[in-house]
Every structure is written in structure tokens, then in C-alpha cells.
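Encoded as C-alpha cells, the structure appears first; notes follow it.
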Amino acid sequence: MGTIDWDAVQTADQVQRGEISAAECVEAALSRIDNTNPTVHAFLHVDADRALARARFMDHNLTRETKANLPLAGVPVAIKDNMVTTDMPTTAGSKILEGFRSPYNATVVELLEQAGAIIVGKTNMDEFAMGSSTEHSAYGVTRNPWDLTRVPGGSSGGSAAAVAARMVPLALGSDTGGSIRLPASYCGVFGIKPTYGRVSRYGLIAYASSLDQIGPLARSVRDLSRTLHLIARHDAKDATSLDANTILEAPIPTALQSLRIGLPEEYFGEGIDVRVRTVIEKTLDRLRESGVDLIPISLPHTRYAIATYYLIAPAEASSNLSRYDGVRYGLRVVGDDLIHMYQNTRQEGFGPEVKRRILLGTHALSAGYYDAYYLKAQKVRTLIRQDFDNAFEKVDLIVTPTVADLPFKLGERDLDPLQMYLTDIFTVTTNLAGLPGLSQPIGLVDGLPVGLQWMGPPLAEDRVLSAASALEAILPSPEWPLSGGIQ
Amino acid sequence: MNLTEKEVRHVARLARLAISSVELSEATQALGRVLDYIDLLNELDTDAVPPTTHVEAIETVWRQDRVVPSLSPEEATANGPQVSSQMFVVPKILDGGEG
Amino acid sequence: MTNQYEVVIGLEVHVELKTQTKLFCGCANGFGQDPNSQTCPVCLGMPGVLPVLNGEAVALATRAALALHCTVNSYSKFDRKQYFYPDLPKAYQISQYDQPLAENGHVTIHTAAGKRNIGIERIHMEEDAGKLNHLGQRLGDAEGSLVDLNRAGVPLIEIVSRPEMHSPEEARQYLVELRTILSYLDISDLRMEEGSMRCDANVSLRPLDFTGSLADLPRVEIKNVNSFRNVQRGIEFEINRQRQMLQTGQRIIKETRGFDDASGSTYSQRSKEEANDYRYFPEPDLPPLVLTEKWLKEQREALPQLPDELRQSLAERGVAERDAEVLVQDVNLYHYWSQVVALVSDARLVTNWLLSDYSRLMNANNLSFAEPKVSAHGLASLLSLITAGTLSGKMAKEVLETMFDTGETAEAVVKRLGLSQITDHNAIKEIVSAVVAANPAVVQDFVSGKEKALTFLVGQVMKQTKGQAKPDLVNALLREVLATYA
Ligand SMILES: [Zn+2]
């Protein structure tokens, strides 16, 4: 076992204790990136010099006492490329932001660095987080480390692949309809989308503002806890940021049988790949064997979630992406006059999926359609929330598959956007309801990972993390891909 | 609800996208399919349901009226594709511009 | 023919609020700074930024709403109004659409037919846009424009009147009264020439036999006129233009028109029939604004005395209605007036002096009562010298002019010029007796009934006293002495 096999908590512990230097951790990560990234293409940008300089600074200038107060001391971290950084480029996977350099750092970036984390680079993603496969990046696809012919899921595919391939122990992703949990499931890592408002969105390039949340991806539940403990803080720069109790630094040991866990029938119906179903059922059996009472519940409006999501998210996106107009930053394509400059810039700067969603969202908000589309979707959103309110009167947590199938082949769903949209069917509901959702790897089938999703009431991250940690303890240790490196 | 190319062209103009005729017909088809799917929502009677604009139960978040240092004009315009006299340059504006 | 139509005018007034910072970021809200020196990632619309509402802007907007008799909504929200323009960095303006801050107020105007309330439909908050400097002469000729975002994000309120004005004069009165009321709140500079107050006018002609909704009439919007006078001129022009069109059987189209100062005419800018679809939707980045009773009460208590109250109290103090109006319409003048009155207490004397001699001096020197040349204290001591009889009105005028020029106090001027009225009864009587004795012929004229002769004798006494004798005293003493000759 080398340092790249360690999770973030172990890495920080070793650095704090002086067993290993931060620079050694960062060097190991950088060398792993050198080996695997050319094939996996998880990173869009790696800043080895900056990372090493920061690590060496920590090694040479910080006392052991100071390091002991840095919960992520020396931990190499990857950041999804839709969180702005002053020292590295930020593109959100789009050509329209090529060459852009942010004059400020995202709040999460500041918080991680204050905690001693060493940011090594920015990860690939579907352009503006619109996609479920990381194929819709202007800078090339990311490959699934378990099978390089398959997608890593998206839109935080670069972050998930980087963690799975052990380039870094920890990465940040963002989740609007499943963009952390889906790639976590496809890549066999842990990922959590917190309650809406838990983590500051200041510096997160907006896709759909009422749904977006930042969260960590890692190879252990305790890494998720520690990271959320640090980044889920109230931020005066985000008016939607919640001022709530801090998430505990480590999951509290919980007896699973003390929890009432609900199984929503709508998430176990038709359309689930039988191989996925087998692995999920096996895990549910393990839970039953440990004395957990799995309670059948119903979330009746689940079947409307995708339709609701594909009105609200594109509508907000169409507005959020209007600022990319070639005036103040990013790409400009010349035109004879202002309007042609706008049109040429946006036409060339945005990829096809982004343009599709801008058109859809603009249509949903346009005169005469607002009530039928956007307003209707907001009302159904209320019904979806109420489903959860009702369910959480009966159960403490809900368990579902994270995604109905296994990672698909690159290019397989290019032709049919709707098919791609349906990939998110089990994950979008928590975004619409603003709830925490965690994807946990529960095993492999045909060499591909399967994920289980935990959903909890608002602000119940501690409960979700405790349950996931308890399950983690009774399942065999997860495996990691590319153990022999890339052939 | 059926979507026409004319409507998509109108929406593209609103969104300042100069889409090609090939893209136009592709987009019309793709969006038409998505909108057909979205018709699903009409199964639900939502007349009495209030809309959710914010999932959180928070309100009235405001700050003190205290000045925070601004960027320098150089920093503010550092990313500008075309800058002159520390201002962003845009091409000539025809027809009142907005339209 | 001219009475076939009723003129219908509605005004939309934008007022920039005088906060320290912008509406959604901490950049300073200043005027006339270096281009793009008051910008930050938020007001530049950089990727990833979020707005945070300025509480003081809400307080100022609320006070305006209360002063204009609006109902302040305990629940309001923000919406995005979307359009592309280089002065609008995010390509949407954060505004309030269907649930504005306040509704249903009014402004009272005084017409020939008496007082009338012009309804205010709504007041909402929004952010201002930046500034474009066009490189050519006119928009169409320009090779391009330069974008300065210092003003982008400055807090504004938009005050939307109901279409209840029926003449350019009524529109002017509405604007004057609106500005007067707002001036007492001290929430804005209210300078039309600097754009801190802006007005768009909606003008339509309603055929008298038209019974449909006003909203169905083709409405012409005159945009961004830079003075009250030009609002009036623009409306006048527009009424005539529309009337002529209707009388020659042409159709009025709904459109936005600009105003050309030089020719006094309006010109077509953009047809509203292909107008923008603003795609309003609730701003997801800002939670709704819920104002508590307690907070609203604090705002109500922070309101100063407003023009209507002031008019009443001026009337009670015996100030003539016309004078009161002049005082009330200039908040600085009014504040100056009340400071002087607090010291002198003769409201009519103060009013007369302020509105005649002092105002004349101020106007002649192009000064505002915001920075009075002679302090309220200074004027009060001058006026006290009049009430005490030390100075005659004529002398006081001279003293005031000197004070104005040299900055001396009234007492200093009086002393330096040796100007003080002789009020000593015996001293004057001595001179009177001497004058009477020296002019027996004139005395004879007076005794034989020529009243005019008295004027000559008064003049003689004044001459001998270098004008410092108190005229009414001189008069009385002369009659007293002359009575002995009868
Ligand atoms: Zn700013």
C-alpha cells in the first residue's frame, strides 16, 4: 500500500504526525496523475508546481501543532472545473470560458485550502454541468477507470474518475440532478450531495441555481464527513446559505437496526438493469440480516421528477448562461455589430447539449408558455417535496439504487438526449426537494461498480453519513480500479 | 404541444444563438420529443398547489450597507476580449440594441 | 375636433437610492469615478457570483413607499428581467415583477379644479445598469461603444403611476410634488441631469367613445427625458403628433420614442410590437423579502415631516399659501427657514426676508440653500436687529448684502458702517425741533393743510440723522411738535 491508496483522513493523520511529508503525498498523487490521466483524462488542468510549492511550504514552515489543526493537512484534492480559482484556469468544460482567469476564489476553495488541502488541479465535466456522462465537455471525454470504453457518469465525471483511479483521495463535485452521485456510482466511489444551502455556492458557476449544490467525492464515508464538516458552513456571500449546525467531523457509530429505513416502491420497479438489481437486493439482504426493518413506502410523484427537472433546470440555466456574451471575459467571436457578435460568440462558444438546454429553458420561460411549463414545474416540485415530507414522518432514511443501470459505452446515448436525461431518474428528486443524498459503492457486477443511494430529511447529513458508515463496515472493503496502472 | 421550427428560431434569437438550419431542425425534433415527454405533467391537477421557488424555509437575508474594496479597473477588465481606456469595447449597436 | 380625445398619461419614475453601497454587492455607490473602478466580481457578472441584498436600500425604498401613501407588502420577492445589452452584465436585471415592495399609493396635485390624487400603482426595487460611451456621434453611427460598469448594480426604485394624468401640466405637477416629497426623505440626490432621477412617460389618446380597457389603447412610451421641462415638452409634442395622426385616419402604433431636446420632438426608437420578451422568473439566488411589523414601524417612525404637513403648519403660522409653496418645494430652503424661525419666531418676517432679498442674492450668485452663504444664525441676528428697531428695513438690506459679500456678522457690519437706527426719543426730538424752527415757511404750509409738507420735514430730519432715525418715530414727533403751531 502506497500513499495513493490512503483515504484523506489517513493521509492527513500521517502528515500531521510527521510520518510523511505533505510534499511526498503530493508527489505521489502527481506521479499517479502522470501515469493515468493521459488515458482517463480526469483532469483538465494540473498545477504541479503550485501544489508542490504549497506542500513544501507546509512541510518547512508549519509546526506540528499548526498542522494538527489542519484537518486536511497535505491531502491532495481535485476541484471540479466549475468552481472558480484565481491561480488556475476555470472553464466549466466550455469553450466559451477558454482562457478565463477568475479574480476571486470560490468559498469552498478557500475553506479547503485553509484546512491544509493541496489543490492539484481542476477536473473535467460536462459543459456547465449539463450531462450525465462527461462526454459533453469541450475538452474531450473522461473515461471510466473500471472500463476505459465506458463513461464515468457525469457531470462530475472527472472528479469521480480521479478519486476512483486514486489520483487523489478527495475531490469536489457539484450536483444539480445527480451530478455527484451518478458518477460516484459509475466509478465506485462515495459521493454526497448535501441539503440545498449547506455548502456555499459562491464561486460555483451556476447551472440551475435552485438545485445546485457542491459536495465531496471520496473513497470512504469518513472522508465525506470530514470534508463536509469543513465546507458546510454559513457564507454571507451566498444569500441561500443556511446557518445550521455544523456537520460532525466523523460519522457517529450507529446501530443500523435502530433506524427506520424506507424502500420507495417507485425506485424498485421496471427499468432497472437486472445485474444492478441483484447487487442492490444482496445489499438489502445484508441490511435485513443485521436486523434492519426495511419499510415499503411510496413517493407517488417520482414519475414526474424528470419532466419537472427538465423544465426548471434549463429555464434557470438559460438565464444563468446569458452572461457569456463576449463582452467582459471569455470567448468573443467577431460580428458586424453587437447582436452578431453576441450570436456568433454564443453559437461557437457553447456545445450542442448546452444550446439544446438554453433553447428549452428559454422556451419554457417565454411569453405564453411560462404558466404551462415553468410555473407548472414549480408546482409539481411542491408535490415532490411533499412526498418526502410524508415519507419522513414514517422513516428516518430512504434507500434506493443510485442509478438504474451500469456505466454505458462512450457515445452510446449521444443520439437521444431524452434517454440521457432519464439516467438521472433516481437522483433528481433530492435536488428538487433540496435533500441530502449519498451514493455508496456496494459491489461490482461484470467488473463494473453499483451504487446505493441514501436519502435523508433536510439537514440530516449526520444521520445519512452514520448509516452509510455502518453499512460500509458490514460490506467487504471496496476495490479500486487500475491497480496495475494503465496497460 | 408541438414545437415548430419558427418557434425554435424565435427562441434562438431571444437566446442570442445563431443556429444553423441543420441545428434548427435537429433542435426542433429533440426539443419536441422532450416537450412531448414533459406533457406528462398535465396528468396532475395543480391548480391549488403553490409553486416552490426556494426549497429552503429562509427569508429576508440582507447585509449591512458597508463598503467593501472594489477590484482595480485593471483587474476588472483583465479578462476583457477587447479593452480600451479601462473599459470594455463592444461593436456598434444597431436598432436600439436590445431587440 | 380637438375635444374628441382624452389625453391619458402615466409616468414611470426611476430614482437612484443614496446608499453607501450597491444593491447586491459591497462596491461604493459613487458618481463620476474612474471607469470600472467601482466594480467587483458580483457587479461585473463574473461566473459563480451571487447577489446579497443591501438592507439599507430596502429601508430607503420602504420609506419612499410610506411617504407616498403606499401599502408596503410584508411579502415581496425578486425576479430576473432578461435581455441582452452591454450595460447589463448578467444579461438580466434583478427587479421585482409580480410581487413588488409596495402598491396603491398616491401623490396629491393641485389643479384649477382643486386637489386631486394621482394614483401610484406600484413601487419596486431593482438594480441600475452601467454606462455606455458611444464612440461616434449617434448610436447608429458609432463604430462601437465603451462599457463602464461603475453604475451597474446601484439601487433604484421605480415608481409607476396610474394613467391618471390628463395634461402635460398635470404630469409636471405630479413630478414636482413627487420630487418634493422624496427630497424630504433624503434618500436620493434626485438630479435629473445626472440620472439619479429619470422619467419615462406613457402617452395615449382615448377617443371619448372608447369604452374598453386603457391597456388596449396603443401606448407610446417616451424614454429617459432629462428634465421636467422636457417631459412636459415631450408629452405636448406627442399629444399633437398622435392627434394629427388620428385626425388623418392613421393608426397609432405601440412604440418607444426618444426625445430630441433641440427640436422638441420625439422620434421612433423601437416598435413595441416586436418588443422584448423579458422572460421574468423568480430570482433563485435571493430568498423572499418578508418585512415584519416591527421593522415597518421603525421605518414609519424614521419618516420626517412631509410636505402636506409642512404646508399646514406654515398656514397655521400665517405664511401665505404662495410663499409656503415656494418654501416647501425646496427642502434646503425650508430647512434653512425653520432654523431661522426657531431663533426669530416671527415666521412672516423670516419668510419675507428669505423669499425676497435673500433668495434674490442666492439666485443672483447661483447658490443653493444646501450651502447657505449666510448662516441661519447670521440671518436671525440681522432680523433681530430689525425687530429690536436697531435697523430699518432699508438699512438691514444693505447690511445683508455686505454680510453676503464679506461673510461678516450683522453686528460687525452695523458697527463698522456706524449704521444703527436712532431710537432715542429725546435725541430725535431735539433735531425735529431744530428742523421745524429752521423751516417756518414749510411749517406754515403744513398748518394750512398741505400734508405733503410733512414729507419734506421728515426728509430733512432723516438727512440730519444720516437716515438712522426711526421713520415712524420721526413722523410721530414731527406731528407732536407741529401741533403746537396750529
Ligand atoms: Zn460590485
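Average projection, convex hull of the Cα set of chain C: 32.7 square nanometres. When the solvent-accessible area of the stretch C:425-483 is split by element, carbon and sulfur atoms take up 56 percent of it, the probe being 1.4 Å.
Ballpark to the nearest 100 Å², how much total accessible area do A and B bury together, probe 1.4 Å? Numbers along the way, then the final one.
Working: alone 18110 and 9900 Å², together 22750 Å².
It comes to approximately 5300 Å² buried between A and B.
At a 1.4 Å probe radius, carbon and sulfur cover how many percent of the accessible area of chain B? Its accessible area is 51 percent carbon and sulfur atoms.
Shape call for the protein assembly as shown from the C-alpha gyration tensor, a ≥ b ≥ c root eigenvalues: rounded (a/c under 1.5), prolate (a/b greater than b/c) or oblate?
prolate
Per-residue mean of foreign Cβ neighbours for C:50-62 is 4 (Cβ atoms of other chains, 10 Å radius).
Remark: relative contact order (the stretch A:1-154) = 25 percent; criterion is Cα-Cα distance under 8 angstrom and separation of 6 or more residues. Multiplying the residue separation of C:SER263 and C:LEU367 by 0.36 nm and subtracting their alpha-carbon distance yields 34.4 nm. Compared with the alpha-carbon gap, the fully stretched path from C:GLN312 to C:SER345 is longer by 10.2 nm at 0.36 nm per residue. Only one residue of C:LEU482, C:GLN468, C:ILE431 has its Cα farthest out toward the positive end of the dipole of the stretch C:425-483, where Lys and Arg carry +1 and Asp and Glu -1 on Cβ, and that residue is C:GLN468.
Taking 0.36 nm per residue of sequence separation and removing the Cα-Cα distance, the A:SER298/A:ASP336 pair yields an extension gain of 7.9 nm. Summarised as an ellipsoid, the stretch C:425-483 has semi-axes of 17, 11, 10 Å, derived from the eigenvalues of the Cα gyration tensor scaled by 5 and square-rooted, with the largest first.
Less than 20 Å apart at the alpha-carbon level, and either on another chain or at least 8 residues along: which lysines does that give for C:LYS254? Leaving aside lysines fewer than 8 places away in the same chain, those within reach of C:LYS254 are C:LYS223, C:LYS272. Here C:SER227 and C:LYS415 are evaluated by their C-beta separation; at R0 = 60 Å the FRET efficiency comes out at 0.85. Contact-buried residues of the stretch A:69-114, at a threshold of 50 Å² lost accessible area versus the chain by itself: A:PRO103, A:TYR104 (1.4 Å probe; DNA, RNA and ligands ignored). Solvent-accessible surface (1.4 Å probe) assigned to A:LEU294 amounts to roughly 20 Å². Modelled spin-label separation between C:ALA320 and C:GLU12, with each label point placed 7 Å from Cα along the Cα-to-Cβ direction: 4.3 nm.
Restricting attention to chain A, the count of lysine pairs at 8 or more positions apart or across chains with alpha carbons under 18 Å apart stands at 5. Using every pair of distinct Cα positions in the stretch A:129-284, the Kirkwood expression returns a hydrodynamic radius of 16.8 angstrom. The 3J(HN,Hα) values that the Karplus relation (6.51, -1.76, 1.60; θ = phi - 60°) gives for the stretch C:213-219 are, in residue order, 7, 4, 4, 7, 6, x, 10 Hz. Gly and Pro appear as x. Across chain B, the mean sequence separation of Cα contacts (distance under 8 Å, 6 or more residues apart), normalised by length, yields a relative contact order of 19 percent. Phi-derived couplings, Karplus 6.51 cos²θ - 1.76 cosθ + 1.60 at θ = phi - 60°, listed residue by residue for the stretch C:449-457: x, 7, 4, 4, 4, 4, 4, 4, 5 Hz, with x used for Gly and Pro.
Can you give the FRET efficiency to the nearest 0.05 for A:ALA367 and B:LEU24, using r as the Cβ-Cβ distance and R₀ = 35 Å? Computed FRET efficiency for A:ALA367 and B:LEU24 comes out at 0.95. Annotation: per residue accessible area for the protein assembly as shown equals 38 Å², rounded to a whole number [probe 1.4 Å, protein chains only].
Think of each Lys and Arg Cβ as +1 and each Asp and Glu Cβ as -1; about the Cα centre, that makes the dipole of chain A roughly 380 debye. Summary value for chain C: 14 percent relative contact order, contacts being C-alpha pairs under 8 angstrom separated by 6+ residues.
The C and A chains share an interface that buries close to 2700 Å² of accessible area, total over both sides, probe 1.4 Å.
Per-residue SASA remark: A:HIS41, around 50 Å² accessible (1.4 Å probe; ligands, DNA and RNA not included). The listed residues A:GLU472, A:GLU348 rank as A:GLU348, A:GLU472 when sorted by accessible area, largest first, using a 1.4 Å probe.
Between the helical axis of C:331-344 and the longest alpha-carbon principal axis of chain C there is an angle of about 30 degrees. Distance between the pseudo-spin-label points of B:TYR37 and B:GLU56 (7 Å out from Cα toward the beta carbon): 3.0 nm. Taking Cα atoms only, the orientation of helix B:5-14 departs from the longest principal axis of chain B by about 20 degrees. The calculated 222 nm mean residue ellipticity attributable to helices in chain A amounts to -11500 deg cm²/dmol, summing -39500 (n - 2.57) over DSSP H runs of n ≥ 4 and dividing by all residues.
Determine, from the Cβ-Cβ distance of B:LEU44 and A:VAL274 and an R0 of 25 Å, the FRET efficiency 1/(1 + (r/R0)^6), rounded to the nearest 0.05.
Working: r = 31 Å, r/R0 = 1.25.
E(calc), rounded to 0.05, equals 0.20.
Ordering C:LEU214, A:LEU111 by accessible surface, largest first, gives C:LEU214, A:LEU111; the 1.4 Å probe counts only protein heavy atoms, with every chain in place. Chain C and chain B together bury an accessible surface of about 3900 square angstrom, both sides counted, with a 1.4 Å probe and no ligands or nucleic acids included. In chain A, the alpha-carbon atoms span a convex hull of 138 Å³ per residue.
Could you sort A:TYR373, C:TYR75 by their accessible area in this structure, using a 1.4 Å probe and putting the largest first?
Result, largest first: C:TYR75, A:TYR373.
Modelled label positions at A:ASP416 and A:THR149, each set 7 Å beyond Cα in the direction of Cβ, lie 2.0 nm from each other.
I'd like the mean, over residues of A:422-434, of how many other protein chain beta carbons sit within 10 Å of each residue's own Cβ. Mean number of neighbouring Cβ atoms from other chains: 1.
Oblate is the label for the stretch A:345-487. Its Cα gyration tensor axes, ordered a ≥ b ≥ c, give a/c of at least 1.5 and b/c at or above a/b.
Contact-buried residues of the stretch C:282-301, at a threshold of 40 Å² lost accessible area versus the chain by itself: C:PRO282, C:PRO284, C:ASP285, C:PRO287, C:PRO288, C:VAL290 (1.4 Å probe; DNA, RNA and ligands ignored). Express the carbon and sulfur contribution to the solvent-accessible surface of chain A as a percent, rounded to the nearest whole number, probe 1.4 angstrom. Carbon and sulfur together cover 49 percent of it. Helical runs (DSSP H, four residues minimum) scored at -39500 (n - 2.57) apiece and divided by the length of chain C put the mean residue ellipticity at 222 nm at -12000 deg cm²/dmol. Ligands, DNA and RNA aside, C:PHE78 has an accessible area near 0 Å² when probed at 1.4 Å.
The values are calculated or read from the model by the stated rules, or taken from the named source; none is laboratory data. This structure is a prediction, so every number in the text was calculated from the model and none was measured. Virtual Cβ from ideal backbone geometry, glycine too; neighbours counted across all protein chains shown. Ligands, DNA and RNA are stripped out before the accessible areas are found, and what is left, the full protein with its side chains, is counted by its heavy atoms. Shrake-Rupley method; radii C 1.70, N 1.55, O 1.52, S 1.80 Å.
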